[in-house]
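To start, the structure under review is shown below, and the notes come after it.
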Amino acid sequence: MAEILPTSPTAIFSAATLVGTGSLVAFPTETVYGLGANAENDQAVAAVFAAKGRPRFNPLIVHVADQAAAERLAEFDERARAVAWRFWPGPLTLVMRRRSDCALSLLVSAGLDTVALRVPNHPTASALLKAANCPIAAPSANPAGRLSPTTAQHVADGLGNAVALILDGGPCPIGIESTVIDLCSDQPTLLRPGGLASETVERFVGPLMRLRGNADASVGTRSPGLLTRHYAPCRPLRSYAHRPESGEAYLGFGPDTPDADLNLSLSGNVNEAAANLFSMIRRLDCAPFTGIAVAPVPEAGLGRAINDRLRRAAAASRADDWDDRGPSAPCVLPDEGDGEGS
Ligand code: TXA
Ligand code: MG
């Protein structure tokens, strides 16, 4: 089982050394915990895919310490420079063409000629990136298809045997993955709503194009991750539920759901709800509940990212429809000590 070390200069040094020698290290970002590997080391990147059980066609986000480091890896034009200048460090990932002279492993791009780059805004992540002195490929530190981790313990529960070290920086303040925007064509495209509200990005770059779900023929080539199963708790999840059905746990939102088992935000604040989303779903994914019903969340600000994750979790619950999308990793419920299920 991986060692969990609270963030400290010594822990950062150990983590950076492990990354430098090709090992996997989990670390906090402002969005979710990442499963990090040296992005220039093919074997280390391959180990990330293996540890997560992630399909090889789904590329990884490469994290760097600052914009200058990012500009050494991808072709930045004036627009990309302006967007990066405005929103980095922060919960925004930019997909751009790889520079032909960059040393990144080809595996991080999963065969595409693009790379997804992000400068995280979290003291532990920033310190690790500076100390490691290499770009770090880091998908969310969860088994493929499952909920992203927002605490060090979540990482240990899902991937504890696969990582050398987990840096513990406490709960992630935003709690939902970064917003992913494709800047490869004239029209910027939203590939994944996330921790930076799309309205905020649109005020800066103008209207974002959206891919039309899995029906869009370009989805497979532009955002392979959209084709995979995602964010599934072990129990079936229903979103936009006004009340629970028999046996279901009820995850409320706002003051009108006082009888909920847990409430994403009693005051109806979508930012607070995002920060609570994954950890509360995990807490309700246990006996005696047979499923999880989630109250409606408004489609504005981070509510868009929350609803995106809930829709995908609900779709993944209808697992039989999704068999051609590849399996999720098996369910691991370490806290379930009552002998229920397997
Ligand atoms: O907040 C986050 O983004 C977290 C933290 C750790 O930084 N990372 C994360 O990584 O969520 P992951 O691998 O779970 O999600 C990456 C998403 C996937 O949907 C993937 O398909 C997409 O980014 N992506 C990565 N590289 C891409 C590329 N070159 N072109 C299009 N999409 C890409
Ligand atoms: Mg993920």
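The values are calculated or read from the model by the stated rules, or taken from the named source; none is laboratory data. What you see is a predicted model; the values in this text were computed from it and never measured. FYI the Cβ positions are ideal-geometry reconstructions off the backbone, even for glycines, and counts take in every protein chain you see.
Please identify the pairs in which a residue from the stretch 54-70 that is in contact (Cβ under 8 Å) with a residue 24 or more places away in the chain has its Cβ atom under 7 Å from the Cβ atom of a residue that is aromatic (Phe, Trp, Tyr), counting only partners at least 6 apart or on another chain.
Taking only residues 6 or more apart or on different chains, the pairs are 56/49; 67/85; 67/88.
Going residue by residue through the stretch 320-332, is there one that turns out to be at pLDDT below 95, in contact with a helix residue (DSSP H, G or I) (Cβ under 7 Å, 6 or more places away or on another chain) and over 27 Å from residue 210 (Cβ atoms)?
Scanning the stretch 320-332 turns up at least one residue that is at pLDDT below 95, in contact with a helix residue (DSSP H, G or I) (Cβ under 7 Å, 6 or more places away or on another chain) and over 27 Å from residue 210 (Cβ atoms).
Let me spell it out: the conditions are (1) surrounded by 22 or more Cβ atoms within 10 Å (Cβ to Cβ); (2) touching a helix residue (DSSP H, G or I) at 6+ places or on another chain (Cβ under 7 Å); (3) part of a loop (DSSP other than H, G, I, E, B), and residue 54 meets all of them except one. Which number is the exception?
(2)
Are there any pairs, at least 6 apart or on different chains, whose C-beta atoms fall under 7 Å, with the first in the stretch 138-152 and touching a residue at least 24 places away in the same chain (Cβ under 8 Å) and under 16 Å from residue 280 (Cβ atoms) and the second near ligand 1 (Cβ under 7 Å from one of its atoms) and not in a loop (DSSP other than H, G, I, E, B), and if so, which?
That search, which allows pairs on different chains as well, returns 148/140; 149/140.
Which helices (runs of 4 or more DSSP H) sit wholly inside the stretch 112-206 and have at least 2 residues that are within 13 Å of ligand 1 (Cβ to nearest atom), under 13 Å from the mean Cα position of the chain (by Cα) and at pLDDT below 95?
It comes to none.
Take the residues in the stretch 23-51 that are over 20 Å from the mean Cα position of the chain (by Cα) and within 19 Å of residue 109 (Cβ to Cβ), then tell me which one is surrounded by the fewest Cβ atoms within 10 Å (Cβ to Cβ).
So, considering only residues that are over 20 Å from the mean Cα position of the chain (by Cα) and within 19 Å of residue 109 (Cβ to Cβ), the one surrounded by the fewest Cβ atoms within 10 Å (Cβ to Cβ) is 43.
Those residues that are modelled with pLDDT of 70 or more and near ligand 1 (Cβ under 9 Å from one of its atoms), I need them from the stretch 227-237; list them, please.
The one that is modelled with pLDDT of 70 or more and near ligand 1 (Cβ under 9 Å from one of its atoms): 230.
Could you look through the stretch 217-226, keep only residues that are over 19 Å from the mean Cα position of the chain (by Cα) and either assigned to a loop (DSSP other than H, G, I, E, B) or crowded, with 19+ Cβ neighbours inside 10 Å (or both), and pick out the one that is modelled with the highest pLDDT?
The qualifying residue modelled with the highest pLDDT is 218.
Working only within the stretch 7-30, note down all residues that are in contact with a strand residue (DSSP E or B) (Cβ under 8 Å, 6 or more places away or on another chain) and of a type in the set (Val, Ile, Thr).
Matches in the stretch 7-30: 7, 12, 19, 25, 29.
Looking at the stretch 1-22, which of its residues are at pLDDT 95 or above, surrounded by 14 or more Cβ atoms within 10 Å (Cβ to Cβ) and closer than 18 Å to residue 44 by Cα?
14, 15, 16, 17, 18, 19, 20, 22
Does the stretch 2-39 hold any residues that are within 16 Å of ligand 1 (Cβ to nearest atom) and of a type in the set (D, E, K, R), and which are they?
Within the stretch 2-39, 30 is the sole residue that qualifies.
Could you grab the pairs with beta carbons closer than 8 Å, sequence gap of 6+ or different chains, first residue in the stretch 110-124 and free of Cβ contacts under 8 Å to residues at least 24 places away in the same chain, second one away from ligand 2 (no atom under 16 Å from the Cβ) and not hydroxyl-bearing (Ser, Thr, Tyr)?
If the second residue must be away from ligand 2 (no atom under 16 Å from the Cβ) and not hydroxyl-bearing (Ser, Thr, Tyr), the pairs left are 113/97; 113/98.
Can you name the residue in the stretch 236-271 that is in contact (Cβ under 8 Å) with a residue 60 or more places away in the chain and assigned to a loop (DSSP other than H, G, I, E, B) and, of all such residues, is farthest from ligand 2 (Cβ to nearest atom)?
240
Could you list, in sequence order, the residues of the stretch 135-164 that are over 15 Å from residue 32 (Cβ atoms), more than 16 Å from ligand 2 (Cβ to nearest atom) and surrounded by fewer than 21 Cβ atoms within 10 Å (Cβ to Cβ)?
Selection gives 160, 161, 164.
Could you list, in sequence order, all residues of the stretch 271-312 that are charged (D, E, K, R) and surrounded by fewer than 18 Cβ atoms within 10 Å (Cβ to Cβ)?
Of everything in the stretch 271-312, those that are charged (D, E, K, R) and surrounded by fewer than 18 Cβ atoms within 10 Å (Cβ to Cβ) turn out to be 272, 283, 299, 311.
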